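Input: a single structure, listed below in structure tokens.
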Amino acid sequence: MTLYVNTSFPNGSPMNWEEQPDGCLTFAPLFDHERGTRNRQLTHWHFRLFGQKGIEITLRIPPMRNIYGDQVVNAFADRVASVISGDGVEWSTFFFHLQPDESLEARVTLPADEVTIARVHPYTIRDLDRLLSRHDTDPVFSVEEIGKSVEGRPLHMIRLSAGQAGLRAFFRGRAHPWEAGGNWFLEGLIREACEHPALLENLDIHILPMAAIDGVARGLTRFNVHGYDLNRGFTQPHAFSADTAPENLALIDWLEQRRRDDTLPHFAMDIHNDDHGNLHAGDLDRDPEFCRRITLMESLMRRDTWYTEGMKRGAGVATFGEGLRHLFGIDSVVHELNTNWLAGADRVPTASVWLEFGAQFLRMLPEFMRKAYGT
Ligand SMILES: [Zn+2]
């Protein structure tokens, strides 16, 4: 029996791998490193495994240590969800379990001779291109290019609008390349708006769906290809330049133009993935009106969506959430989607779950916007 691993495809994760004498596949995805700090992160894996349909094998990832803010931490939770597909269409979920030596292990049965295994149900640039083609058929859907990534890939801003509306919301996805769940969530939101344009009666929505598009292409975990974290640097003044993070500079320039046009979003949300699923609301205590609006949104999310995880206060001032509040006065939050378990849906989330979660959010959004920002 000889296994073979291929990672040479879009969003494939660079890694070392070895078939052990007992047939176990050991694989070690590469760390993604931040420039200017010791920070590094390993969360993404996405590879094709060639074996034999029906065989059961053990997958093992050796102990890995991430570094955040100079703190060295275990890269893995006790239980880490992953997905496998024999055809790229049907995906099933399984868990890696943390071992006493801090390695991760899982047992899987291969559903085909060639299978794809990934940390998160993949959402690639091809999926994005398919989404963007909606402008051919959906009258409420339009797209503009607001800039280019480090490697020259276009950064698309989607607009959902049934006409010029008084209330405005903005969403960003995939600030970190491994976090494909946010793309599925936003696609669910977009599909719902296109199918039910009455939801946009007094609401314009802009979406930057894939900020870290180079990292998505290259199968990275967290940083852009210059080593910058696109959810940091939202300081005053901001830390972005064409040489460091053109992805964020393009966003800032777009927001500056909207400030000049007096059409800044009232509300903004950055969609991420992690192992917890919280809403990061920032410094709610500093501003009672901001606190009232975000608390309202959280209660509506609890009522109408699968969100149950809870709100965290006091996110760092340099992140999207606090940053857009300070730079532009926009009510901004970061929403993490739990990658391992979506409690409200009682399952490991895959694409169909996140699509529905995003649709639920969109059905709730007009009520929140009207109550929070309506006149
Ligand atoms: Zn993230």
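The values are calculated or read from the model by the stated rules, or taken from the named source; none is laboratory data. Keep in mind that what you see is a predicted model, and the values were worked out from it rather than measured. Positions of Cβ are backbone-derived with ideal geometry, glycine not excepted, and every protein chain shown enters the neighbour counts. Just so you know, the surface numbers come from the protein's heavy atoms only, side chains and all, with ligands and any DNA or RNA stripped out. Shrake-Rupley method; radii C 1.70, N 1.55, O 1.52, S 1.80 Å.
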Yes/no for LEU362 being away from the ligand (no atom under 16 Å from the Cβ), modelled with pLDDT under 95 and of a type in the set (A, V, I, L, M, F, W, C): no
Anything in the range 111-150 that is open to solvent by 30 Å² or more (accessible area, probe 1.4 Å), β-branched (Val, Ile, Thr) and farther than 30 Å from ALA198 by Cβ? List them, or say none. ILE125, VAL150
Residue by residue through the range 77-126, note down the ones that are touching a residue at least 60 places away in the same chain (Cβ under 8 Å) and among the charged types (D, E, K, R). ARG79, ASP113, GLU114, ARG119, ARG126
From the option list SER82, SER92, single residue qualifying as over 25 Å from HIS226 (Cβ atoms) and either assigned by TED's automatic domain parsing to the domain that holds LEU230 or open to solvent by less than 50 Å² (accessible area, probe 1.4 Å) (or both) is SER82
Can you run down the residue pairs with Cβ atoms below 7 Å, 6 or more apart or on separate chains, where the first is in the range 222-241 and within 28 Å of PRO29 (Cβ to Cβ) and of a type in the set (A, V, I, L, M) and the partner is open to solvent by 60 Å² or more (accessible area, probe 1.4 Å) and within 16 Å of the ligand (Cβ to nearest atom)? none
Report, by residue number, each residue of the range 228-252 that is of a type outside the set (Ser, Thr, Tyr) and more than 16 Å from the ligand (Cβ to nearest atom). GLN236, PRO237, HIS238, ALA239, PHE240, ALA242, ASP243, PRO246, LEU249, ALA250, ILE252
Out of the range 27-43, which residues are more than 14 Å from ARG65 (Cα to Cα) and open to solvent by less than 20 Å² (accessible area, probe 1.4 Å)? PHE27
Qualifying positions in the range 127-158 - without any contact (Cβ under 8 Å) to a residue 24 or more places away in the chain and assigned to a loop (DSSP other than H, G, I, E, B): THR137, GLY152
If VAL216 satisfies every condition in (1) part of a helix (DSSP H, G or I); (2) crowded, with 22+ Cβ neighbours inside 10 Å; (3) among the β-branched types (Val, Ile, Thr); (4) touching a strand residue (DSSP E or B) at 6+ places or on another chain (Cβ under 9 Å) but one, which is the exception? (4)
Would you call PHE368 open to solvent by less than 10 Å² (accessible area, probe 1.4 Å) and within 15 Å of the ligand (Cβ to nearest atom)? no
From the options PRO63, PRO10, residue that is in contact with a helix residue (DSSP H, G or I) (Cβ under 7 Å, 6 or more places away or on another chain) and surrounded by 13 or more Cβ atoms within 10 Å (Cβ to Cβ): PRO10
